[in-house]
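Novice: Below is a structure I'd like to ask you about.
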Amino acid sequence: MASQDYKSPTHNDFRSDTFTTPSPTIIQAASTCSLGDDDYYEDPDTNELGAYVAELSGKESGLYCVSGVMSNQIGLRSLLYQPPYSILCDSRAHVYRYEGAGLSMLSNAMVYPVIPSNGLYMTLEDIKKHIVLSEEYYFATTRVISLENTISGVVVPIEEIARICAWAKTVGVKTHLDGARLWNASAATGVSIKEYCQHFDTVSLCLSKGIGAPIGSVLVADKETIKIGKRFRKQLGGNLRQAGVITSMAMVALKMNFPNALKYTHEVAKEVAELCTKNDIKLLYPTDTNFVWLDFSEQPEGTAQKFNELGKKNGIRLSGNRIGIHYQISKESVEALKRTILELYQK
Ligand SMILES: Cc1ncc(COP(=O)(O)O)c(C=O)c1O
Ligand SMILES: C[C@@H](O)[C@H](N)C(=O)O
């Protein structure tokens, strides 16, 4: 279901779902947006978006942030007091690997990265093995467990989330969810955003990926934590003036695309995964949502580069072994992708 009212310039871009572009319908929202000053929290469209996402998540309050990095870093910082302290997360976590070392520079936090024993997502057993609960002066006591769902496109089971967060509460550790693609987890499992979010103290929800908004994320939490987060957003220069220009578009995108546009991307991803399986092409992770991961570990050096070049020849954009499907990917691009994969493996 590529967006019916327009063909995105990124209809052939499989590098990531961050490449969704606002359709005319989404852009149109900006022409009738409210123009309040969001530094005074007086912009109706921005307040409405925060309240709407908070309602979906079952949290008291939502704070609009201009990026997922900002909402993650504010969410985590708002749960931390008096360093030294540590945050425990998956060794692949975005908050640890791809946010400019924000945890060490903005939060002065140590990070304990954990390689999940099942290779897919951290379990409570993994966490218990690596968490530091001692208050002894030797240690940076773990104050927050940060999960990511989906992680590498894999859905973390709600049962595991419930176990981890319930246990964290018993030992006085806070929990954050990087829910950049929680929309995808919900669309894939039918578990509501609210059911996922109820377990966490803070949740960051991106609107600029599969949802298709041009900019932004929303951090949701209780009122007190969001009040603390507002100070950190101000410090980061994240308080906008007439934010309605972009939050109006985000609201339209969210209402238009969740969950059906995401379900479509999951169907396409499964179709590509099935082609691989049928041709004995190994995948690195299960295709739970909108990412297909080719396993290049047994392929010759330079396979990723060769894949990108073959893609370019076939008119599509690739970025190594991770294939990202977004709702604006065209059918002809999917066919070109399939041809490219079969060419790469000489099938
Ligand atoms: C899992 C995850 N969290 C957070 C982010 C950060 O979002 P943004 O690029 O909007 O800062 C990304 C990247 O897009 C991501 O993949
Ligand atoms: C690379 C990373 O920052 C981005 N979030 C992506 O998944 O494409």
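Coordinate-derived values only; no laboratory data. Since the model is a prediction, treat every value here as computed from it, not as a measurement. When we count neighbours, we look across all protein chains shown, and the Cβ atoms used for this are built from the backbone with ideal geometry, even at glycine.
Novice: Could you pull out which residues in segment 80-115 have an amide N less than 17 Å from a spot 7 Å beyond the Cα of Val171, following the Cα-Cβ vector?
Specialist: Residues 85-91, 110-115 qualify, since their backbone N sits under 17 Å from the label point.
Novice: Of all DSSP beta bridges located in the chain, what percent are antiparallel, nearest 5?
Specialist: 45 percent
Novice: Another question, then. Would you please report the Å³ per residue occupied by the convex hull of the alpha carbon atoms in segment 10-71?
Specialist: Each residue corresponds to 121 Å³ of Cα convex hull volume.
Novice: Between Arg231 and Glu271, what is the spin-label point distance in nm, taking each point 7 Å from the Cα along the Cα→C-beta axis?
Specialist: The answer from the label model is 5.2 nm.
Novice: Going by average Cβ density within 10 Å per residue, which order do the peptides 308-315, 145-152 take, highest to lowest? Mind dumping the intermediate values first?
Specialist: Working: 308-315: 15.8, 145-152: 25.0.
Going from most to least packed, we get 145-152, 308-315.
Novice: Provide the gained length on full extension for the span Lys223 to Thr18, in nm with one decimal, where the gain is 0.36 nm per separating residue minus the Cα-Cα distance.
Specialist: 70.9 nm
Novice: Kirkwood Rh over Cα pairs of segment 128-203 into Stokes-Einstein at 37 °C, 0.692 mPa s: D in µm²/s?
Specialist: Numbers: Rh = 13.1 Å.
Taking Rh from Cα pairs, D becomes 250 µm²/s.
Novice: May I pose another question? On the principal axes of its Cα set, how long, how wide and how thick is segment 160-232? Give whole Å, largest value first.
Specialist: Here the Cα extents, ordered largest to smallest, are 39, 35, 14 Å.
Novice: What residues have an amide H closer than 5 Å to that of Asp13, excluding those fewer than 5 places away on the same chain, when H is modeled at 1.01 Å from N in the peptide plane?
Specialist: It is Arg317, by chain and number.
Novice: Work out how much length Ser192 to Ser91 would gain on full extension: take 0.36 nm times their residue separation and subtract the Cα-Cα distance, in nm to one decimal.
Specialist: Residue separation times 0.36 nm, minus the Cα-Cα distance, leaves 33.7 nm.
Novice: While we're here: Please express the shape of the chain as an equivalent ellipsoid: the semi-axes are the square roots of 5 times the eigenvalues of the C-alpha gyration tensor, given largest first in whole angstrom.
Specialist: 33, 27, 16
Novice: Using only C-alpha atoms and all pairs of different ones, pull out the Kirkwood radius for segment 217-268 in Å with one decimal.
Specialist: With all distinct Cα pairs of segment 217-268 included, I get 13.4 Å.
Novice: Also: Can you list residues from other chains, or at least 5 along the same chain, whose modelled amide H is less than 5 Å from the amide H of Val114?
Specialist: Close amide H contacts, sequence-distant or interchain: Cys89, Asp90, Ser91.
Novice: log10 I(q)/I(0), Debye, Cα-only segment 233-308, no solvent, q = 0.14, 0.25, 0.26 Å⁻¹?
Specialist: Reported log10 I(q)/I(0), two decimals: -0.70, -1.13, -1.18.
Novice: Pairs Lys59/Lys227; Lys129/Lys194; Lys7/Lys347: which exceed 25 Å Cα-Cα? List each step's numbers first, then the result.
Specialist: Numbers: Lys59/Lys227 13 Å; Lys129/Lys194 29 Å; Lys7/Lys347 31 Å.
Flagged as over cut-off: Lys129/Lys194; Lys7/Lys347.
Novice: Continuing with the same structure: Report the extension gain between Glu335 and Glu309 in nm, rounded to one decimal, defined as 0.36 nm multiplied by the number of residues separating them, less their alpha carbon distance.
Specialist: That pair, Glu335 and Glu309, stretches by 7.7 nm at full extension.
Novice: Could you rank the peptides 174-182, 100-108, 220-228, 127-135 by their average count of other C-beta atoms within 10 Å per residue, with the highest value first?
Specialist: 174-182, 220-228, 100-108, 127-135
Novice: Give me the Kirkwood hydrodynamic radius of segment 1-122 in Å, from all C-alpha pairs, to one decimal place?
Specialist: 17.8 Å
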